[in-house]
Amino acid sequence: METLYRKYRPLDFDSVVGQDNIVHTLKNQIMSGKVSHAYLFSGTKGTGKTTVAKIFARAVNCPNEIGGNPCNTCEVCKASLEGADYNILELDAASNGNVDNIRQITESMQYRPINDEKYKVYIIDEAHALTGYSKEAFLKSLEEPPEYVIYILATTDPGKLPETILSRCQKYSFRRIGIDTIVEYLKNICVKESIEIDDEALYFIAEKSDGSMRESISKLDRCRSYTKEKITKEKVVDILGMVGDDEFSLLLQSINEGDVEKAFDIVGSAIDRGKDVTQFVNDFIWHIRNVLIAKNVSKPIESLNVTRTNFDKLKKESLNISKDTLIYYIEELSKTHGIMRYDENRRVMLETTIIRLANPETNYIDASVMARIKRLEDDKKNMTYVRIGDKADTNTLKPSDKADDGKSATKKDKIEEIRLSKLAYDEINKVAENWTAIRSSLDMVVKSILIESEIVPSETKEPGFVQVLLSEADYNLLQNMDRIKATEKKLSESTKNIIKKDVTYKIIDRSKTKYADKIEFKLDDALDKIVGIEVEIEEDDK
Ligand SMILES: [Zn+2]
């Protein structure tokens, strides 16, 4: 069956919706015969760039042009509609943008249009994907195109095109298509196709299509082919494997109220319906982002892409949650989303994150948590340092006084009290180097809790003992699960296996350790490969 998108693709300018200014200008150019040689159509996907380019390409050569529109009945138009017009050449730079293809184009440029038509039109889709030599070759051809050549470059990312190309084009930016326009268009299709659908479902599809007409029509198409019954919003959610905003609202509310059970129900039900977990987290982050924006603006703005009614809902939802909390949720979920790509057990990861977010201790955003998030953002490096020393003095600590030979240790009075013996230093370094591997023997839930752990030497500074610092919230979580002792034991076993050393671990609440205010740490970003430790070495202990 022909797809709805193909069937209802506009064939003339007057049927294009949502791009009135562009269409108006192009029609005028065609009627007056004053067309340019290079156009740049930019805008997000599904906003009509290629459709308009094709109509334009037909219109410039159509002998019966009517008010700027192609007639679509003459031989020229028909050939083009059948994809058999040799004067219209389309190239998708993303898949075919290699030098040879570009060379073909530039070479074909020297031949006049066949059948005595006026123009040869080159439509380059995804033009930003042109690279290296192709870009250069293309640029040359743009410099002085013959009078019968018209280029139309379509791109979602004009910023990637060099100024030399941009400056030669007439530029048109295609707007995201408004929700009401999309709904009206879909309604029209439904009438013609006898598709039964209610308004709520139409608005839902439009909202979830991010301003893309193509996306909305293809969503409608999928619903239509799935059911012959009346399409409701619930059916759309079901058929497209989506999660409704109401569900996300409820999930956000449950987490904020610390109701883990309810939150798990919602997640479980979405997963049971076949929703991909990574996508679920992504969509949930998007929902929270919308709530956050709604909290900060007084009326629906374009980037929200929601109806007035749904804006009011978001606004109301936002009143019960602080801005900091919303930001914190987004940060934490984004972190989880990032790690998920590398881990099999996605559902457990999501559930663990929910426990953390719903836990009242972590729910409370104090300055230190915000600072940690900030630090995480700032931490561009994969390397994670645990610095031991007087905080005030950390700036003077050089990144490497490693002194493996024990000779080049420098004196720093302020950190004297935590100097280690060479033996203890080597040992903790070894543990640090293998921390990811050591931790990997833990079960998924505990591993997730330990993602932000730091390891430090024991307070006795003796070899054979290592402390694992957790945030107060993480520590409490582990304690509530009654897993402290078992985890310590597991870490010891794992260490014995991996670095062949007997190490006794002690998991402690970071806020209770006397090191806490002496350790300048950067958050272990969970994908850490290396945990670097910088400590001073007792000079006379070699
Ligand atoms: Zn025609």
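A few remarks follow.
- Number of the condition not met by Leu326 [criteria: (1) under 21 Å from the mean Cα position of the chain (by Cα); (2) outside any helix (DSSP H, G or I)]: (2)
- Residue in segment 219-229 that is polar (S, T, N, Q) and not assigned by TED's automatic domain parsing to the domain that holds Arg346 present: yes
- Note on segment 277-318: residues that are assigned to a loop (DSSP other than H, G, I, E, B) and touching a residue at least 24 places away in the same chain (Cβ under 8 Å) amount to 3.
- Residue within segment 124-137 that is away from the ligand (no atom under 15 Å from the Cβ) and under 19 Å from Phe13 (Cβ atoms) present: no
- Of the residues making up segment 293-314, not a single one is within 19 Å of the chain's Cα centre (by Cα) and at pLDDT 90 or above.
- Some residue of segment 118-138 being farther than 18 Å from Ala154 by Cβ and among the β-branched types (Val, Ile, Thr): no
- Flag if Asp443 is at pLDDT below 85, surrounded by 19 or more Cβ atoms within 10 Å (Cβ to Cβ), among the charged types (D, E, K, R) and not assigned by TED's automatic domain parsing to the domain that holds His337: no
- Number of positions in segment 78-113 that are among the basic types (Lys, Arg) and away from the ligand (no atom under 15 Å from the Cβ): 2
- Among the residues making up segment 45-77, a single one is among the basic types (Lys, Arg) and within 8 Å of the ligand (Cβ to nearest atom): Arg58.
- Residues that are under 31 Å from the mean Cα position of the chain (by Cα) and crowded, with 16+ Cβ neighbours inside 10 Å occur at least once in segment 77-90.
- Selection status of Phe41, part of a helix (DSSP H, G or I), among the aromatic types (Phe, Trp, Tyr) and either within 16 Å of the ligand (Cβ to nearest atom) or out of contact with any His (no Cβ under 7 Å at 6 or more places or on another chain) (or both): no
- Looking across Ile428, Ile449, Ile438, Ile455, one residue alone is within 24 Å of Leu350 (Cβ to Cβ), of a type in the set (Val, Ile, Thr) and surrounded by 20 or more Cβ atoms within 10 Å (Cβ to Cβ). It is Ile449.
- Hey, Val236 at pLDDT 90 or above and over 22 Å from Glu184 (Cβ atoms) or not: no
The rows are residues; the columns are (1) of a type in the set (Lys, Arg); (2) over 27 Å from Thr353 (Cβ atoms).
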position: Phe465; (1), (2): no, yes
position: Leu470; (1), (2): no, no
position: Ala473; (1), (2): no, no
position: Asn480; (1), (2): no, no
position: Lys490; (1), (2): yes, no
position: Lys500; (1), (2): yes, yes
position: Tyr505; (1), (2): no, no
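The values are calculated or read from the model by the stated rules, or taken from the named source; none is laboratory data. Model, not experiment: these values are computed from the prediction. Cβ atoms come from the backbone with ideal geometry, glycine included; neighbour counts cover every protein chain shown.
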